[in-house]
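A short reminder: the numbers here are calculations on the coordinates, not readings from a lab. Values in this document were obtained by computation on a predicted structure and should not be read as measured data. No Cβ is skipped: glycine too gets one built from the backbone with ideal geometry, and neighbour counts run over all protein chains shown.
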Amino acid sequence: MIFVAAVVILTSLIMPTIFVPIILPSQDRQQPRYRWVKRMIQAAISDLLKEKEHPAEAQVVIDSLQQQLVLDSTPNFHLRRQLMSESHQVELKTVQKMFDDGKISQDELTYYTKFLNLNNFSADEKIWKNVLLRIRFSLHVGRLYKDLNRAQEAFLTAPVALEEVYWREQFEKHGENILPIEEAGFNAVMDFLKTKQGENGVETNMVKRFYRTRHRRINGQDVDMDIVYQMFMRAFHSEYELIQNSLTTGKIDAALAEKLQTRISTDEMTYLQNMELFRD
């Protein structure tokens, strides 16, 4: 059963990489339509950044919108890997300083460094690393719980969703708490990435999303899905509003406005059909 699951997982990881670029038509990013799509998304993000009452739910939507910018752009993956590596070094230095200042023990430094190295290992999402990590976590869960079914479930779960649980358990077994250390590392990385935002916005947002997702998962932060829904509706409203104002002021014509509104409607329908994905 594990072999069959491995085949299915490998197929699902490899096939889209090969065939999606072939199936999808090429797009000219210099066309006004794509420039305005970017403006729409940025307008929605700017509006949600003002949200003070529900910042966690707003951030989930902002991350999703920033991912759209990535998909609508052509990110430099070499640059993304470089930013990930630099962020990794920033966090390592932060944790080392915590140890030097006597804020954490040698055990905490050792285990958190292992956590960061594994985190960095899985960050580029290479297929062979994905499979290797699935095997590692399934073996760990099988040994820990002596349960084949739980081991199979672990193999079928994306490694990124198991890393934080695995290391939180390791810390707890030693009577230690990973959360304050992760908080310090996360804040240091976010401060570092702010200095890179202007030069490489798309790639920086990809790295920020990775760290925000890790931070949310390791803290076990649940978001209110009703509020997330409201935030998405607010984002779509901001996009519609930008198009309406631009049409009224003559910045775009009716034909372009119709195409952009169709894009917003499609995004809205896609979100409604995939609401469960935002519960991670």
Problem - Gained length - Lys38 relative to Gln244, 0.36 nm times residue gap less alpha-carbon distance - result: 72.6 nm
Exercise for the section: At 7 Å along the Cα-to-beta-carbon direction for both Arg81 and His174, put a label point, then send me their distance in nm to one decimal. Expected result: 3.1 nm
Fill in the blank from the handout: Lys and Arg at +1, Asp and Glu at -1: neighbours of Tyr111 with Cβ under 12 Å from its Cβ sum to -3
Exercise for the section: Just grab the label-to-label distance for Glu53 and Gln67, each label 7 Å out from Cα along the Cβ direction, in nm (one decimal). Expected result: 2.6 nm
Handout entry: Of Lys93/Lys208; Lys38/Lys93; Lys114/Lys208; Lys97/Lys196, those spanning more than 26 Å from alpha-carbon to alpha-carbon
Key = Lys38/Lys93
Problem - Extended-chain gain in nm, criterion 0.36 nm per residue less alpha-carbon gap, Asp224 and Lys259 - result: 9.4 nm
